[in-house]
Amino acid sequence: MKTINFLTLLTLFIGFSSCNNDDDSTTLLAVESELISNLHAPQEGGQGNPVSGEFTKFNFALGQTTTSDTDWDIAFRGTAIIVNGGVSSGGVDEPVRNGEAGAYIATGTLGSVTSIDTSLIIQDSATSFAIPTGSDNGWYNYAGPPTHIISPIAGRILVFRTHDGKYAKIEILSYYKDAPANPDAFVDEDGYYTFNYVYQPNEGVTSF
Amino acid sequence: MLNLFVLSLFVLIVFSGNAQLQTTDSTEVNELDEVIITATRTLRQLSSLPLPAQIVSSKEIKSVNSLRLSDILNEQTGLITVPDFGGGEGIQLQGLDSQYILILIDGAPLIGRSAGTLDISRITVGNIKQIEIVKGASSSLYGSEALGGVINIITENSKYGYTGNVDYRVGRNNTQDVSLTLGYRNDKFSINSFINRNSSDGYDLNKEDDLKTVEPYSNYTFSTKLKYNFSENTNLFISGRYYAQNQKYVASETLEGESEINEWNVHLKLNHTYNEKWNSYFEFYTTRYKADEYLNDADDFLFSEGDFNQFLLRPEIRATYIPNEKNSIIGGLGWNHETLVRTYFSTSPEFNSPYVYLQYDANPTKDINILLGARFDNHSEYESQFSPKAAIRFEFNDKLSVKGSLGYGFKAPDFRQLYFDFTNSTVGYTVLGYNTVISRIPELEAEGQILNIIVPISEFEKVLNPENSIGLNIGGIYQPISNLTLDINLFRNNIQDLIDTRVIANKTNGQNVFSYYNISNVYTQGFEFNAVWKPNNYFKLSGGYQLLFAKDKEAERAFKDGEVYARETPSSPSFQLDKDDYFGLFNRSRHMANIKTFYTIERWKLNTNIRGSYRSKYGLFDTNTNSYLDSFDVFVKGYTIWDWAVNKTLYKNYELGLGIDNIFDFTDAQNISNISGRLFYGRININF
């Protein structure tokens, strides 16, 4: 995995704390907007067998993958995305949740989702993930035969609360290595996520 | 239900009791007039109908050398056949697809819709007198499936004396079609027997893969029709038809097998005229459609097999009452009994549905015709249906008439939507029929296959509604000069409770359980325009055009509210679509048109024709994962097919034909499997 683009937005936010005292206003950190390419998240098993394999964990504050058992926000394996919050569904090789992460799926473009509705945030549970699995339920569509292509659904923005209570939003662009413009499921390697994300590093700020 | 049947028998007996009060036969019609029976179930002059209807004559079928029903219907305005993934060809009419169009032979319905589609390429046109097409909801007379319209194939009657006909056509892909017709008729008795064999080596549009587009097939049709007049007022009609097709079935390089269709129908009709006012029919119809297929693997071991075995039995009694020249009433009582045995079904379901209908046809003045009708279908498995219809025609003068009709149509949930129990063996998803859910989900749950339930089972306690529609047709016919006819019809079909699939539970293997539910409201609207110019007996020019908008109301709303997004390429960022980006339902073309010229050279006993049909672009599926067909999807390009035919008569009884179908060799290997490319053929027809 590599970060190919680092772009810092210069937008500064004026914070509104609970008491409206100008003296309390502080300069906030810049919102981070990045493109992650080829985050490799392979899975084993499947085709009737239990799915297994390590999840590839990601930390928004670091802007990269991590192997930490605690400081991760979301994790990928195959088409499944889990969050570090709630409880494990008990699947093979599924990591323990020890953070306060959560998620929901918003409709829009990455730019148009500007505020977070925290009431919609749910966490992984024993029966389902916050980002649902299966074609058309979560972030992707599986075309089935003859193309067998897995494509991210246009207009689905995944909104996350991180393990330490901050917010981020992502738009997945591709599930195939090097994000080909027209992927071929028989040629291009799958399990390689390319996505844009925006991270709000300021505690308690629910807008971007 | 049994009571209704007993009642209908009783009515028959009562009617028979009046048998002495007989006078003349009022149904004698000059065959030169275009007379249609499908629209009202009484013989009516086509031009006097208050409904949009059309007749395709045997003369046209013969002059264009059609073999199958799909060939000839594709050349009619607003009609198109759409290939099904199973290989069949279903008809689309006013933007409504095959499952909403009732197909009849001599007034009796064909069955055997494996996934809703009735494959009309299985019907030979070798012994057809005419094809009658009635557009608009017609459930007031025909019940289920007549939601969008009715296509009725009227078979040929024998001429007086002994007659015979042999027909042979051979063309590209080794497509051979041979028919033999034998007939006899005298004043009391007539018989018409017909045998057809149709075969082809198939064709392959895409040479790169291992599969052929159409595998080799051969089929036989046998039919016999008997008519016997006991007296001037009592006659009997018996017909039987048998169809058998065998086709190679290849699923992949290593999986190969056969598919076989066997279908038979028996139709019996007893007609009695009591007097000039009363007339009755007792009709008995039964049919079975059986399709079997199997696949063997490379080592010749059975890999999979499937079967489909549907049976329909229908007694019906109907009577017409004509109190005077201005009014007539037709009423009927009947009972449908239907069974199906099919692979992947939870049970062997049985449908029972008694019905009753009544239609009043009035001409209060000589310029006005009014048609009022209604039908009630009681059903064992879904909600009973009441289907009314009203139509009116007004004739301003000899040149101009207008007509309008409003009717209700429905299509019963089919067996598959109620009883399917299918799990894909390789991918692992499950599809359950609506009535299967309540018992099957707990079973799957007990087996530990269910991760979580999305739609509670309690939602399946209420019965599934039939898909239903209100259809409006308004049109007019204008004849500015005697040899030019302009015909326009505006239509709108509002379809409710369309049945679709949705995910009802997630499975532990990461796949889903799907079931059926009433969801979408869609509409189709547009207009159809036909013009026929026939300056003399030797030349005819006709043209037709249909404009069609077929849309889902929920999709329209989603686009309007900005909930729909797309991408330029599969890996580029999303952007929002607006309401103008919504194209409509899949597989619908906005524009369809045809032009035909027929020319006869009397001196050479020769007739020739050129026909073209155009279909504008359409989408087959969503290509940018927003589930809607929008302007950023990949479309199938519009196309035009041109056909040419010439026929020459020799020594009165011999006719030779030559032709080219699809002159410019149009094909689209990826998207259109039923257009085979340029097809040369020769034909010989002998009367004896």
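The values are calculated or read from the model by the stated rules, or taken from the named source; none is laboratory data. This structure is a prediction, so every number in the text was calculated from the model and none was measured. Note that each Cβ is placed from the backbone with ideal geometry, even for glycine, and that neighbours are counted across all protein chains shown.
Hey, could you check region B:571-584 for residues that are surrounded by fewer than 22 Cβ atoms within 10 Å (Cβ to Cβ) and part of a loop (DSSP other than H, G, I, E, B) and say which is farthest from the other protein chains (Cβ to nearest Cβ)?
By that ranking, first place goes to B:Asp578.
Could you check how many residues of region B:488-536 are of a type in the set (A, V, I, L, M) and either within 21 Å of A:Asn141 (Cβ to Cβ) or at pLDDT below 85 (or both)?
Qualifying residue count for the region: 5.
So, in region B:622-652, of the ones that are among the acidic types (Asp, Glu) and closer than 29 Å to A:Thr147 by Cβ, which residue ends up surrounded by the fewest Cβ atoms within 10 Å (Cβ to Cβ)?
Residue satisfying both the conditions and the ranking: B:Asp622.
Only one of these is assigned to a loop (DSSP other than H, G, I, E, B) and crowded, with 16+ Cβ neighbours inside 10 Å: B:Tyr382, B:Tyr357. Name it.
Just a single option satisfies the conditions, and that option is B:Tyr382.
Only residues that are crowded, with 21+ Cβ neighbours inside 10 Å and within 29 Å of A:Ala30 (Cα to Cα): list them for region A:176-185, please.
Listed by number, the list holds a single entry, A:Ala179.
Would you check if there is a residue in region A:132-151 being closer than 16 Å to A:Phe76 by Cα, in a strand (DSSP E or B) and touching a His at 6+ places or on another chain (Cβ under 6 Å)?
No, region A:132-151 contains no residue that is closer than 16 Å to A:Phe76 by Cα, in a strand (DSSP E or B) and touching a His at 6+ places or on another chain (Cβ under 6 Å).
For region A:166-186, enumerate the residues that are acidic (Asp, Glu) and not in a strand (DSSP E or B).
A:Asp178, A:Asp184
Only one of these is of a type outside the set (A, V, I, L, M, F, W, C) and touching an Asp or Glu at 6+ places or on another chain (Cβ under 6 Å): B:Asn165, B:Asn127, B:Asn186. Name it.
The conditions single out B:Asn127.
Taking the condition modelled with pLDDT under 95 and more than 30 Å from A:Asn137 (Cβ to Cβ), does B:Leu650 pass?
In short, yes.
Which is without any contact (Cβ under 8 Å) to a residue 12 or more places away in the chain, surrounded by fewer than 18 Cβ atoms within 10 Å (Cβ to Cβ) and not hydroxyl-bearing (Ser, Thr, Tyr), of B:Asp209, B:Asp187?
When all the criteria are applied, what remains is B:Asp209.
For region B:398-446, give me the residue count where each residue is away from every other protein chain (no Cβ under 14 Å) and either small (Gly, Ala, Ser) or part of a loop (DSSP other than H, G, I, E, B) (or both).
Within region B:398-446, residues that are away from every other protein chain (no Cβ under 14 Å) and either small (Gly, Ala, Ser) or part of a loop (DSSP other than H, G, I, E, B) (or both) number 13.
Just to verify a result, which residue in region B:529-561, among those that are out of contact with any Phe, Trp or Tyr (no Cβ under 7 Å at 6 or more places or on another chain), among the charged types (D, E, K, R) and in a strand (DSSP E or B), is farthest from A:Gly91 (Cα to Cα)?
Within region B:529-561, the match that is farthest from A:Gly91 (Cα to Cα) is B:Lys534.
What's the total number of residues in region B:244-272 that are over 26 Å from B:Phe311 (Cα atoms) and either of a type in the set (A, V, I, L, M, F, W, C) or assigned to a loop (DSSP other than H, G, I, E, B) (or both)?
The qualifying residues number 6.
Looking at B:Asn336, is it polar (S, T, N, Q) and within 22 Å of the chain's Cα centre (by Cα)?
Criteria met by B:Asn336.
For residues that are away from chain B (no Cβ under 14 Å) and not polar (S, T, N, Q), scanning just region A:88-98, find the one that is nearest to A:Glu54 (Cα to Cα).
Looking at residues that are away from chain B (no Cβ under 14 Å) and not polar (S, T, N, Q), I get A:Asp93.
In the list B:Ser384, B:Ser346, which residue meets the criterion of being within 17 Å of B:Ala146 (Cα to Cα) and away from chain A (no Cβ under 14 Å)?
B:Ser384
If we keep just the residues of region B:402-432 that are closer than 24 Å to B:Gly148 by Cβ and of a type in the set (Gly, Ala, Ser), which is surrounded by the most Cβ atoms within 10 Å (Cβ to Cβ)?
Taking the candidates together, the pick is B:Gly409.
Enumerate the pairs (first residue in region B:501-524 and within 28 Å of B:Phe583 (Cβ to Cβ) and within 14 Å of chain A (Cβ to nearest Cβ); second residue anywhere and at pLDDT below 80 and surrounded by fewer than 20 Cβ atoms within 10 Å (Cβ to Cβ)) with beta-carbon separation below 9 Å, excluding pairs fewer than 6 apart on the same chain, so at least 6 apart or on different chains.
B:Arg502/B:Ile519
Conditions (1) within 29 Å of B:Leu577 (Cα to Cα); (2) without any contact (Cβ under 8 Å) to a residue 40 or more places away in the chain; (3) touching a Cys at 6+ places or on another chain (Cβ under 7 Å); (4) assigned to a loop (DSSP other than H, G, I, E, B), marked per residue:
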residue	(1), (2), (3), (4)
B:Val634	yes, yes, no, yes
B:Thr649	no, no, no, no
B:Gly657	no, no, no, no
B:Asp665	no, yes, no, yes
B:Ile675	no, yes, no, yes
B:Gly682	no, no, no, no
B:Asn685	no, no, no, no
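A quick yes/no check of all residues on (1) more than 13 Å from chain B (Cβ to nearest Cβ); (2) crowded, with 17+ Cβ neighbours inside 10 Å:
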{"residue": "A:Ala168", "(1), (2)": "yes, yes"}
{"residue": "A:Val187", "(1), (2)": "yes, no"}
{"residue": "A:Thr194", "(1), (2)": "no, yes"}
{"residue": "A:Ser207", "(1), (2)": "yes, no"}
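Inside region A:99-119, can you point out the residues that are in contact with a Gly (Cβ under 8 Å, 6 or more places away or on another chain), more than 14 Å from every other protein chain (Cβ to nearest Cβ) and either assigned to a strand (DSSP E or B) or among the basic types (Lys, Arg) (or both)?
The one that is in contact with a Gly (Cβ under 8 Å, 6 or more places away or on another chain), more than 14 Å from every other protein chain (Cβ to nearest Cβ) and either assigned to a strand (DSSP E or B) or among the basic types (Lys, Arg) (or both): A:Gly102.
Take residues that are at pLDDT 85 or above and under 17 Å from the mean Cα position of the chain (by Cα) and tell me which of the strands (runs of 3 or more DSSP E) falling wholly in region A:1-69 contain 2 or more.
Where strands (runs of 3 or more DSSP E) fall fully within region A:1-69 and carry at least 2 residues being at pLDDT 85 or above and under 17 Å from the mean Cα position of the chain (by Cα), they are A:32-40, A:56-59, A:64-66.
Take the conditions charged (D, E, K, R), in contact (Cβ under 8 Å) with a residue 24 or more places away in the chain and either within 14 Å of chain A (Cβ to nearest Cβ) or farther than 26 Å from B:Asn473 by Cβ (or both) and apply them to B:Asp561. Does it pass?
no
Quickly run through region B:534-554 and pick out the residues that are buried (at least 16 other Cβ atoms within 10 Å of the Cβ) and either over 27 Å from the mean Cα position of the chain (by Cα) or within 13 Å of chain A (Cβ to nearest Cβ) (or both).
If the condition is that a residue be buried (at least 16 other Cβ atoms within 10 Å of the Cβ) and either over 27 Å from the mean Cα position of the chain (by Cα) or within 13 Å of chain A (Cβ to nearest Cβ) (or both), then B:Lys540 is the only one that fits.
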